[in-house]
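Pasting a structure here, questions to come.
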Amino acid sequence: MGKVIVVTSGKGGVGKTTSTAALGAALARGGQKVVVVDFDVGLRNLDLVMGAERRVVFDLINVVQGTAKLAQALVRDKRLETLYLLPASQTRDKDALTEDGVATVIAELREKFDWVICDSPAGIERGATLAMRFADEAVIVANPEISSVRDSSRMIGLVDTKPLKAEAGGRLEKHLLITRFDPARVARGEMLGIGDVLEILSLPLLGIIPESEEVLRASNLGAPITVCGRDSAPSRAYFDAARRLGGETVAMTIPSDSKGLLTRLLGRRAA
Amino acid sequence: MSRLHFLTPVSSAPVARERLQNLVEHDRRLVNHADLVTVLREEIYALIGRHAAIDPGKVQVMVVRGTATSTLAVDIEVPNRARAPATSRRLHEGEGKAALSYR
């Protein structure tokens, strides 16, 4: 029986899709069977980030409505043979997703894969609540920025109440993934620090992904950062996060400012 | 000191942190209030429903927020022909608005 993870944030543009692809690929690299599921019906992008957009034939809605079999809709990754994508529909709207249909699909995926990673759409509407409905654990993605942190706080409340597991009296394990972290700006007092975010959200930290040009480069190329930018700092941070997701204890290092002494001196002055 | 100002970047993170702390606390309270109203409505309906046949749509629970305190307004329409006569008489006396202050 696989584990179902929802990657959610409330706010858009914080890195849910990038993180879903990166974590999925990192887990698949370890030989585990992984499927990443795009729940963003009407605005799908996970296929693009994975570089699989030209191989999408059927999608989640087709499977939910029974017009395609699950095996027909799954797209296998070109580089990692244990990584699969279940794309969202680009033409339908999110009302085409029914709870019963999603339940059936997730149950089937859970049997076939070790990890089912659901990429939630932004917002707190139906698409987002359906993405978390059958989850065992949640990864909340946040940027060290006020609107993102505020939305994450709201999301925590939803993750505590909306999933089936929570309704049954259980508690979803929640992880905080901080993305687009810029140590130089934190040092200058221009960005919330890790401690500030943790104090406000009080969630266990899954990882800190530093802001990096490599992330955009990877999505330009259509490959998860953990596949094409393997030695980059964000890739290493995602690999660590994936290991933590798997239950390993991996020491957390707060990315440090590599800009040199001068910036650091100025940063200290600001603090 | 002011001449050295250009060396000291404006530190905006502490401002962000303070605004966020207040905001998140406020948001959580709001959400809790919304939950409170739902829970109260369900429990009041269950309680009154044991003694009188009431319509769940006719149970209204409202929180009117004031500056220092908030007022909880409960409005229940009880039909004249209730199941248990003894209970219904008591209910009729208090029919209309039952308002109580809390916090």
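Report whether or not residue A:103 is surrounded by fewer than 21 Cβ atoms within 10 Å (Cβ to Cβ) and at pLDDT 95 or above.
yes
Can you find, within the stretch A:174-230, the residue that is farthest from the other protein chains (Cβ to nearest Cβ) among those that are polar (S, T, N, Q), over 19 Å from residue A:155 (Cα atoms) and within 16 Å of the chain's Cα centre (by Cα)? Step through it out loud before you land on a result.
Going through the stretch A:174-230, the residues polar (S, T, N, Q) turn out to be A:179, A:202, A:212, A:219-220, A:226.
Right, trim to over 19 Å from residue A:155 (Cα atoms) and you get A:212, A:219-220, A:226.
Still in the list and also within 16 Å of the chain's Cα centre (by Cα): A:219, A:226.
Working: A:219: 27, A:226: 29 Å.
Only one residue fits best here, namely A:226.
Let me ask something else. In the stretch A:7-39, what residues are in a helix (DSSP H, G or I), in contact with a Leu (Cβ under 7 Å, 6 or more places away or on another chain) and of a type outside the set (A, V, I, L, M)?
A:17, A:19, A:20, A:24, A:29
Within the stretch A:39-56, can you find the residues that are within 14 Å of residue A:96 (Cα to Cα) and surrounded by 23 or more Cβ atoms within 10 Å (Cβ to Cβ)?
Correct list: A:39, A:40, A:41.
Residues A:166, A:131, A:142: which one is crowded, with 17+ Cβ neighbours inside 10 Å, within 29 Å of residue A:2 (Cβ to Cβ) and in contact with a Phe, Trp or Tyr (Cβ under 9 Å, 6 or more places away or on another chain)? Outline the logic, then answer.
Values: A:166 fails: in contact with a Phe, Trp or Tyr (Cβ under 9 Å, 6 or more places away or on another chain); A:142 fails: in contact with a Phe, Trp or Tyr (Cβ under 9 Å, 6 or more places away or on another chain).
Just one listed residue meets the conditions, A:131.
Considering the stretch B:31-64 alone, what residues qualify as being of a type in the set (Lys, Arg) and in contact (Cβ under 8 Å) with a residue 24 or more places away in the chain?
Going residue by residue through the stretch B:31-64, those that are of a type in the set (Lys, Arg) are B:41, B:50, B:58.
Listed by number, the list is empty, since nothing qualifies.
I would also like to ask the following. From the set of residues in the stretch A:109-148 that are over 13 Å from the mean Cα position of the chain (by Cα), of a type in the set (D, E, K, R) and away from chain B (no Cβ under 14 Å), which is farthest from residue A:37 (Cα to Cα)?
A:125
Also: Looking only at residues in the stretch A:149-170 that are within 18 Å of the chain's Cα centre (by Cα) and among the hydrophobic types (A, V, I, L, M, F, W, C), which one is farthest from the other protein chains (Cβ to nearest Cβ)?
A:159
Do you know which of the residues in the stretch A:57-88 that are among the β-branched types (Val, Ile, Thr) and either buried (at least 19 other Cβ atoms within 10 Å of the Cβ) or touching a residue at least 40 places away in the same chain (Cβ under 8 Å) (or both) is farthest from residue A:2 (Cα to Cα)? Explain how you work it out, then say what you get.
Within the stretch A:57-88, the subset among the β-branched types (Val, Ile, Thr) is A:57, A:61, A:63-64, A:67, A:75, A:82.
Checking which are either buried (at least 19 other Cβ atoms within 10 Å of the Cβ) or touching a residue at least 40 places away in the same chain (Cβ under 8 Å) (or both) leaves us with A:61, A:63-64, A:75, A:82.
Details: A:61: 22, A:63: 19, A:64: 20, A:75: 18, A:82: 14 Å.
It comes out as A:61.
Also: For the stretch A:71-91, check the following and say yes or no: at least one residue is over 18 Å from residue A:48 (Cβ atoms), among the hydroxyl-bearing types (Ser, Thr, Tyr), at pLDDT below 95 and in a loop (DSSP other than H, G, I, E, B).
Among the residues of the stretch A:71-91, not one is over 18 Å from residue A:48 (Cβ atoms), among the hydroxyl-bearing types (Ser, Thr, Tyr), at pLDDT below 95 and in a loop (DSSP other than H, G, I, E, B), which makes the answer no.
Within the stretch B:5-14, take every residue that is in a loop (DSSP other than H, G, I, E, B) and facing chain A (nearest Cβ under 7 Å) and give me the one that is modelled with the highest pLDDT.
Let us first name the residues in the stretch B:5-14 that are in a loop (DSSP other than H, G, I, E, B), namely B:8-12.
Cutting the leftovers down to facing chain A (nearest Cβ under 7 Å) gives us B:8-9, B:11-12.
Values: B:8: 61, B:9: 60, B:11: 87, B:12: 91.
Filtering the stretch B:5-14 for residues that are in a loop (DSSP other than H, G, I, E, B) and facing chain A (nearest Cβ under 7 Å), the one modelled with the highest pLDDT comes out as B:12.
Listed residues B:67, B:38; which is more than 14 Å from chain A (Cβ to nearest Cβ), more than 30 Å from residue A:188 (Cβ to Cβ) and within 20 Å of the chain's Cα centre (by Cα)? Step through it out loud before you land on a result.
Numbers: B:38 fails: more than 14 Å from chain A (Cβ to nearest Cβ).
Criteria check complete, one pass: B:67.
For (1) at pLDDT 95 or above; (2) farther than 17 Å from residue A:17 by Cβ, each residue gets a yes or a no:
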position: A:205; (1), (2): yes, yes
position: A:210; (1), (2): yes, yes
position: A:217; (1), (2): no, no
position: A:221; (1), (2): no, no
position: A:226; (1), (2): yes, no
position: A:230; (1), (2): no, yes
position: A:237; (1), (2): yes, no
position: A:240; (1), (2): yes, yes
position: A:247; (1), (2): no, yes
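Additional query: Where in the stretch A:148-231 are the helices (runs of 4 or more DSSP H), entirely inside, with at least 3 residues that are among the charged types (D, E, K, R)? Steps first, please.
Numbers: elements: A:164-167, A:183-187, A:194-201, A:213-221, A:225-228.
Because the criterion is at least 3 residues that are among the charged types (D, E, K, R), the helices (runs of 4 or more DSSP H) in the stretch A:148-231 that meet it are A:213-221.
State which residue is farthest from residue A:194 (Cα to Cα) when the search covers only the stretch B:15-35 and only residues that are more than 7 Å from chain A (Cβ to nearest Cβ) and over 18 Å from the mean Cα position of the chain (by Cα).
Once the filter is applied, the top-ranked residue is B:22.
Which pairs turn up if I take residues in the stretch A:244-271 that are within 13 Å of another protein chain (Cβ to nearest Cβ) and closer than 13 Å to residue A:193 by Cα and look for partners that are assigned to a helix (DSSP H, G or I) and at pLDDT 55 or above with beta carbon separation below 7 Å, at least 6 apart in sequence or on another chain?
A:267/A:187
Collect the residues in the stretch A:223-234 that are within 12 Å of residue A:24 (Cα to Cα) and touching a helix residue (DSSP H, G or I) at 6+ places or on another chain (Cβ under 7 Å), keeping them in residue-number order.
A:224, A:225, A:226, A:227
The values are calculated or read from the model by the stated rules, or taken from the named source; none is laboratory data. Treat the numbers as computed from the prediction; the structure is a model and nothing was measured. Note: ideal-geometry Cβ built from the backbone for every residue, glycine included; neighbour counts use all protein chains shown.
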